[in-house]
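Asker: Below are the structure tokens for one structure; questions will follow.
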Amino acid sequence: MVRVLPGPPAVDAPAVRPRRGRGRGRRWLLRSVAVLYIGILVALPLALVFQRTIADGAGAFWDAISAPDAVHAFVITAQIALIAVAINTVFGLGVALLLARYRFAGRRLFNLLLDIPVSVSPIVVGLALVLVYGPTQGWFGPRLSDAGVQVIFALPGMVLATCFVTLPLVVREIVPVLQEEGLDQDVAARSLGANSWQRFGRVTLPTIRWALAYGVVLSLARAIG
């Protein structure tokens with residue numbers, strides 16, 4: 001018969017209290033560093049721009065922004081931004097549906113090409129448009145000039161450049177949402193007799209409405225910039 005000897009009486013270990021002061025101090029330190037970094041990187045340059053803008057008084061500032069050249073620049077910027085965002089919203093939505101719902105040859109290459117506008121400088125884009133649509137030595141420029149269509153140094157050229165640099169923003173916001181949602185609801189709606197437009201309006205669009213809104217806002221900000 002084996003007897004188990006009684007062990008020493010159990011002693012409750014002292015409760016370890018978290019050091020709130022040290023954790024709180026670290027949080028405040030990290031927050032202070034982040035705020036200081038944002039302040040130096042963003043707030044300080046904006047404050048300097050604002051100070052230089054109103055250095056000569058509010059009257060000089062108003063005269064500058066109400067000058068005919070400034071008003072024309074504002075109008076052209078608004079026109080280009082609205083046209084480019086509208087075009088990229090329609091085509092970006094279609095491209096997102098194509099990438100998320102279908103499999104086809106060259107899909108990976110097509111997906112890779114969509115990210116080129118993010119890595120290419122707008123100056124390079126402008127040069128490429130001049131080489132393609134230039135009125136004298138461009139590929140299509142002389143024929144368009146003979147037909148009375150001016151692309152470079154006109155509104156169409158600026159819209160093309162803006163559409164290029166804002167192309168992937170809507171697509172990249174919508175594709176992850178569509179991939180996460182899957183095809184279950186779409187298949188269910190199709191089995192109930194819904195056509196393509198009904199499935200898009202009642203199933204797909206409510207699912208991606210916020211992603212689409214984010215993409216439109218990002219495209220608008222990029223176009224204005």
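No lab work stands behind these numbers, since they all come straight from the coordinates. What you see is a predicted model; the values in this text were computed from it and never measured. Counting neighbours? That spans all protein chains shown, and the Cβs are built from the backbone with ideal geometry, glycine included.
Asker: State the Cα centre-to-centre distance between segment 147-181 and segment 91-144 in whole Å.
Answerer: Each part's Cα centre sits 9 Å from the other's.
Asker: For segment 179-190, what does the Karplus curve 6.51 cos²θ - 1.76 cosθ + 1.60, with θ = phi - 60°, yield as ³J(HN,Hα) per residue in whole Hz, taken in order and with x for Gly and Pro?
Answerer: 3J(HN,Hα) across segment 179-190, in whole Hz: 5, 6, 6, x, 10, 4, 5, 5, 5, 4, 5, 5.
Asker: Once the piece of chain linking ALA78 and PHE153 is laid out straight, how much longer is it, given 0.36 nm per residue of separation minus the C-alpha distance between them?
Answerer: Using 0.36 nm per residue and subtracting the Cα-Cα distance, I get 25.3 nm.
Asker: So what is Rg over Rh here for the chain, counting just Cα atoms and using Kirkwood for Rh?
Answerer: Numbers: Rg = 29.0 Å, Rh = 23.4 Å.
Taking Rh as the inverse mean 1/r over Cα pairs, Rg/Rh reads 1.24.
Asker: Which FRET efficiency, nearest 0.05, do ALA194 and TYR102 yield, Cβ-Cβ r, R0 30 Å? Each step should come with its number before you reach the end.
Answerer: Values: r = 19 Å, r/R0 = 0.63.
The value I calculate is 0.95.
Asker: Here's something else I'd like to know. Across 5 Å bins from 0, what is the distribution of all Cα-Cα pair distances for segment 139-225, in whole percents?
Answerer: Taking every Cα pair in segment 139-225, the percentages come to 3, 13, 16, 14, 11, 11, 10, 9, 8, 4, 1.
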